[in-house]
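The values are calculated or read from the model by the stated rules, or taken from the named source; none is laboratory data. Since this is a predicted model, take the numbers as computed values, not measurements. Every residue, glycine as well, gets a Cβ built from its backbone with ideal geometry; the counts of neighbours run over all protein chains shown.
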């Protein structure tokens with residue numbers, strides 16, 4: 001693997017040792033600070049767990065019920081007008097909700113259409129340039145106990161739609177149909 005692989009493997013341990021020694025040099029109770037941070041992390045995980053379980057359950061029910069297939073079928077004409085490949089519609093629908101679910105669909109697109117196909121390229125750009133919007137809102141707003149999201153959701157959905165359309169347009173512009 002060469003020296004770069006070995007150097008990369010050392011970054012985290014060297015950083016931990018450096019920060020620990022720096023804390024000791026500054027007379028900071030390093031282990032107590034570590035325990036305090038770990039306890040805060042566990043409290044945060046417990047606080048956001050209900051939102052995560054609810055989101056995962058909803059995504060599983062959405063896929064298992066066949067609703068994803070029905071919605072994909074219904075959106076095909078609109079996607080065709082926008083120049084968006086129909087194979088990537090399920091990815092566009094699931095990406096804002098579930099990163100792991102979107103990854104499964106993304107891998108399926110690459111396996112069935114190929115990475116150099118129009119659908120594979122659009123799916124690649126879409127996967128790399130959009131966010132798991134609903135997951136992010138649920139987790140981060142849940143962690144800081146924000147209950148009124150005001151304009152966050154509409155703005156994020158518009159951003160996702162822009163990313164979906166731009167992925168198809170830019171792939172077509174740079175690689176052709």
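Here are the numbers for the structure shown:
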read-out	value
Residue 140 vs. criteria on the phi < 0 side of the Ramachandran plot, in contact with a helix residue (DSSP H, G or I) (Cβ under 9 Å, 6 or more places away or on another chain), surrounded by 15 or more Cβ atoms within 10 Å (Cβ to Cβ) and modelled with pLDDT under 90	no
Residue match in the range 110-120 (condition: farther than 23 Å from residue 173 by Cα and either under 18 Å from the mean Cα position of the chain (by Cα) or crowded, with 18+ Cβ neighbours inside 10 Å (or both))	no
Which listed residue is modelled with pLDDT of 90 or more, loosely packed, with under 12 Cβ neighbours inside 10 Å and part of a helix (DSSP H, G or I), from 18, 31	18
Matching option when the condition is touching a helix residue (DSSP H, G or I) at 6+ places or on another chain (Cβ under 6 Å) and assigned to a helix (DSSP H, G or I), among 97, 59	59
Those residues of the range 83-94 which are surrounded by 21 or more Cβ atoms within 10 Å (Cβ to Cβ) and either without any contact (Cβ under 8 Å) to a residue 24 or more places away in the chain or assigned to a loop (DSSP other than H, G, I, E, B) (or both), in sequence order	84, 85, 89, 90
Matching option when the condition is assigned to a helix (DSSP H, G or I), surrounded by 11 or more Cβ atoms within 10 Å (Cβ to Cβ) and in contact (Cβ under 8 Å) with a residue 40 or more places away in the chain, among 80, 23, 54	54
Which listed residue is over 25 Å from the mean Cα position of the chain (by Cα) and closer than 26 Å to residue 137 by Cβ, from 92, 51, 82, 39	39
One residue from 167, 124 being assigned to a helix (DSSP H, G or I), within 20 Å of the chain's Cα centre (by Cα), under 15 Å from residue 86 (Cα atoms) and without any contact (Cβ under 8 Å) to a residue 24 or more places away in the chain	124
Residue 48, sole failed condition from (1) modelled with pLDDT under 90; (2) more than 17 Å from residue 133 (Cβ to Cβ)	(2)
Condition check for residue 71: part of a helix (DSSP H, G or I) and surrounded by 11 or more Cβ atoms within 10 Å (Cβ to Cβ)	yes
